[in-house]
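Scroll down for the structure; my scribbles are underneath it.
Bear in mind that the values in this text are calculations on the coordinates, not laboratory data. On a predicted model such as this, the values are computed, not experimentally measured, just so you know. No Cβ is skipped: glycine too gets one built from the backbone with ideal geometry, and neighbour counts run over all protein chains shown.
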Amino acid sequence: MKTILQGPKIIILLFTVMLFFSCTKRYECDNERPTHGNVIFTFVHQVNGGSLKFDTMLYRTAIGNNYMVNDLQYFVSRVSLRTAKGKWVSIKTDNGIHYTDASDNNSCTWWVNDILPVTSYDSISFLFGLDEEQNTSNRFTNPPESDMFWPDMMGGGYHYMKMDLKWKNDSMTQSLPFNFHIGIGQVYIGNSVNPDSIIGFVQNYFKVSLPCNFEITPGNYQQIMLQMNIEKWFDGRKSFNFASYPNGMMQNQEAMFYACLNGRNVFSLVTAK
């Protein structure tokens, strides 16, 4: 004997079926909630507490050199975050390398797509520049990164940083250009500075470690601001005098050594809330 559902009975049955599938779907969605988060690195550039302004003779070093910044580009690499439990998590996006041009807002933001554990973090570390494994000639085939090339005869690979300046002291009537460039250094025989007298190379990249206090939450991006305090390149552990290096830095390992010595304290970190 067939049972025929009519009227209210049909409505109740349909409601029960819909409720079942609705609950099942909600259960599936709950199980699919994100269990990881991401970070956005923003690179900002300041001089003496104010935003960097290009092409204007506004700044002065502690030893009395006035200067302006015309261009600023650089690489950071081997970026890692340390959890509050002491585990280091390496950034893999873009092979862990980021190029920044301080005059290009797009390059000053790095969206990291790594799946990062949801937890608290207490430290960030990175290399300023590129290490021996990463710093190989022709690694970058397209500008702007490819424009950072370092001459092969001087060690090859790429500039860690190009900061083009003009400077003058109080006794000068005209400003002079100065290329504050950092990359692989050279060791020369005696006082001869030419390719034929190179007997060795110096890797000038250095590690920066900064304390932090932030938490990555499920499905969200945590913004982290890395601030370069440009005056510290010149007023750090060693007062940097442009006049001491009239031929620039690229073939002067002493100049690059002092620049890197100061550079270890150039960055500070601000965590956006």
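For the peptides 169-181, 252-264, the ranking by mean Cβ contacts within 10 Å, running from highest to lowest, is 252-264, 169-181. Between helix 253-263 and the chain there is an angle of about 40 degrees, using the helix long axis and the longest principal axis of the Cα atoms.
Axis of helix 8-31 versus longest Cα principal axis of the chain: the two differ by about 20°, to the nearest ten degrees.
Within the listed set V76, V89, V44, the residue fluctuating most in the Gaussian network model of the chain (springs between alpha-carbon atoms under 10 angstrom) is V89.
Within the P(r) computed for the stretch 171-273, what percentage of the Cα pairs occupies the region above 21 Å? Kindly include the intermediate steps, with their values, before the conclusion.
On the way: 2667 of 5253 pairs.
Roughly 51 percent, once rounded to a whole number.
About its Cα centre, how strong a charge dipole does the chain have in debye, to the nearest 20, once Lys and Arg get +1 and Asp and Glu get -1 at the Cβ? Before the final figure, lay out each step's value.
Details: 22 positive and 23 negative charges, 245 e Å.
So the dipole magnitude of the chain works out to roughly 1180 debye.
Label zone of T83 (point 7 Å out along Cα→Cβ, amide N under 19 Å): in the stretch 240-273 this covers no residue at all.
Per-residue extension of 0.36 nm, minus the Cα-Cα distance of E132 and T217, leaves a gain of 27.1 nm for this segment. Take V208, V270 and order them by how many other Cβ atoms sit within 10 Å, fewest up front. Ordered by Cβ neighbours within 10 Å, fewest first: V270, V208. Classify the chain: rounded, prolate or oblate, from the alpha-carbon gyration tensor (a ≥ b ≥ c, eigenvalue square roots; a/c under 1.5 rounded; otherwise prolate if a/b is larger than b/c)? It is prolate, given that a/c is not under 1.5 and a/b is the larger ratio. Computed from the C-beta positions of K207 and S175 and an R0 of 35 Å, the FRET efficiency is 0.55 to the nearest 0.05.
Across the stretch 34-271, Cα pairs under 8 Å and at least six residues apart give a relative contact order of 26 percent.
Between N66 and I199, what's the calculated FRET efficiency when r is the beta-carbon distance and R0 is 30 Å? Round to 0.05. Approximately 0.20, to the nearest 0.05. Of the residues N66, G157, N106, the one whose Cα sits farthest toward the positive end of the charge dipole of the chain, with +1 on the Cβ of Lys and Arg and -1 on the Cβ of Asp and Glu, is N106.
At a threshold of 8 angstrom on Cα-Cα distance, excluding pairs fewer than six apart, so keeping six or more, what relative contact order does the stretch 146-203 reach in percent? Please list the in-between numbers first.
Values: 91 pairs, mean separation 16.9, N = 58.
Relative contact order comes out at 29 percent.
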